[in-house]
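Following: one structure in structure tokens, then a few remarks.
The values are calculated or read from the model by the stated rules, or taken from the named source; none is laboratory data. Owing to the predicted nature of the structure, the values given are computational and were not obtained by experimental measurement. Here the Cβ is made from the backbone with ideal geometry for all residues, glycine too, and neighbour counts use every protein chain on show.
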Amino acid sequence: MKPYLRDFIPVSFADIPEATAYEAGYLVTKNAGWRNVRPVIDAQKCVGCLNCYLYCPDGVIYRDGSKVAIDYDFCKGCGICRNICKLNAITMEAEK
Amino acid sequence: MAISAKTLNETEFFYGHKACAGCGGSLAVRIALKVLGENAVAVLPAGCMSAVGFNFPQLCFGNNAIISTFAGTASMLTGVEAGLRAQGITDFHAVGFAGDGGTADIGLQALSGAIDRNDDILYICYDNEAYMNTGIQKSSLTPFGARTTTTPAGKNIRGNLRTKKNLFEIVAAHGIPYAATASVGYLNDFMRKVEKAKHIRGTKYIHILAPCPTGWGVSTDETVDVAKEVVDCGLWYLAEYENGEFTLNHQPKSFSDVSAYLKRQSRFKHLTDKDIEIITQSRDKKWEFIRKNFK
């Protein structure tokens with residue numbers, strides 16, 4: 001199962017489960033605020049080789065039809081995808 | 001069909017974690033779990049991957065995962081495997097992810113014991129060449145010359161004085177059913193090795209070199225590139241140990257420049273030409289051994 005953001009975020013003691021953790025894949029925060037730059041994929045240049053998907057440490061690049069797309073909620077903007085792309089289809093753009 | 005990006009399980013099992021941008025260790029964990037699938041039961045000792053994966057109430061693993069004691073990754077794997085087997089569960093993979101310190105220093109006796117018992121577990125060491133989680137202290141897998149907070153580079157002593165422990169061959173010397181080295185710069189090779197280990201009964205060990213941009217002093221987008229370069233310049237190698245024999249998986253035609261690899265990282269920037277010569281000579285000696293003893 002892919003971990004995903006939950007609606008319920010514990011705030012008080014009473015909300016805390018009687019165990020050391022919630023169930024597997026329980027996400028409560030995004031990582032989007034970590035980055036200064038964001039990767040942008042040029043769909044015209046992308047041939048769907050999936051190298052960026054394979055080498056992303058956060059797994060935020062996913063297959064989308066014959067190409068790839070990025071989950072910006074969890075991308076940290078490291079730039080590995082830009083470097084690994086042989087076709088220069090990914091550019092890093094400053095976050096505003 | 002050979003495993004590749006196209007045939008890999010599309011589900012992410014290590015997602016939303018708090019590892020630094022460009023973390024090599026998290027890439028190794030992510031890929032290994034995708035190969036093993038949702039029935040993997042992961043054991044993680046103290047270290048980066050437990051620190052970034054389990055931030056209560058957040059749990060970034062999509063499969064079962066548990067934190068072990070620092071020294072007890074392999075012994076907890078033994079327990080996980082025995083416990084699931086006792087319940088009649090057969091379709092699972094007990095997998096451990098420990099760092100270089102948690103494997104080569106602190107967890108070595110537990111690992112040695114598990115290999116001795118030949119428990120049906122997979123132990124993956126993600127080697128970022130120092131205790132990165134606690135702030136870059138030297139481990140026994142830190143290479144010669146590397147600057148860490150406990151081996152600072154000064155006028156008289158320039159970084160780590162000791163060479164990297166040869167853990168792959170130490171593990172192989174147990175007569176383990178399967179051991180391998182890998183690098184996050186060559187993920188197809190790593191995926192093939194995890195896939196192979198998945199189908200072998202008994203203890204399996206994979207040692208994957210996983211650069212840490214924070215500790216190595218490279219920018220976040222260089223992780224994969226530097227992990228490729230360390231193999232290309234001959235300071236790391238991709239090999240397997242099986243049925244009592246060593247096999248070399250990747251034979252560089254000619255080595256790339258060692259000093260180019262070293263000088264791009266701030267942990268090595270203090271090295272003199274003489275230091276680099278020492279590193280080059282030890283590389284050549286190692287490769288002489290590899291060419292003689294590896295198939």
Select from segment A:33-48 the residues that are under 14 Å from A:Glu93 (Cβ atoms) and under 14 Å from the mean Cα position of the chain (by Cα) and write down the one among them that is surrounded by the most Cβ atoms within 10 Å (Cβ to Cβ). A:Pro39
Please tell me if B:Gly22 is at pLDDT 95 or above, over 25 Å from A:Ile80 (Cβ atoms) and under 20 Å from the mean Cα position of the chain (by Cα). no
Of the residues in segment A:62-96, those that are aliphatic (A, V, I, L, M), buried (at least 16 other Cβ atoms within 10 Å of the Cβ) and closer than 21 Å to B:Val226 by Cα number 4
Quick one: how many residues across segment A:28-59 are more than 8 Å from every other protein chain (Cβ to nearest Cβ) and in contact with a Cys (Cβ under 9 Å, 6 or more places away or on another chain)? 7
Select from segment B:44-81 the residues that are in contact (Cβ under 8 Å) with a residue 40 or more places away in the chain, within 14 Å of chain A (Cβ to nearest Cβ) and of a type in the set (Gly, Ala, Ser) and list them in ascending order. B:Gly62
Only one residue in A:Ile84, A:Ile9, A:Ile80, A:Ile16 is over 29 Å from B:Val41 (Cα atoms), of a type in the set (Val, Ile, Thr) and within 8 Å of chain B (Cβ to nearest Cβ). Which one? A:Ile84
Which residues, taken from segment B:1-16, are touching a residue at least 24 places away in the same chain (Cβ under 8 Å) and more than 10 Å from chain A (Cβ to nearest Cβ)? B:Ala2, B:Ile3, B:Asn9
Count - residues of segment B:221-270 that are in contact with a strand residue (DSSP E or B) (Cβ under 7 Å, 6 or more places away or on another chain) and among the polar types (S, T, N, Q): 2
Are any residues in segment B:113-150 farther than 25 Å from B:Val258 by Cβ and β-branched (Val, Ile, Thr), and if so, which ones? B:Ile115, B:Ile121, B:Ile124, B:Thr134
Examine segment B:26-43 for a residue that is under 18 Å from B:Gly185 (Cβ atoms), facing chain A (nearest Cβ under 7 Å) and in contact (Cβ under 8 Å) with a residue 40 or more places away in the chain, and state whether such a residue exists. yes
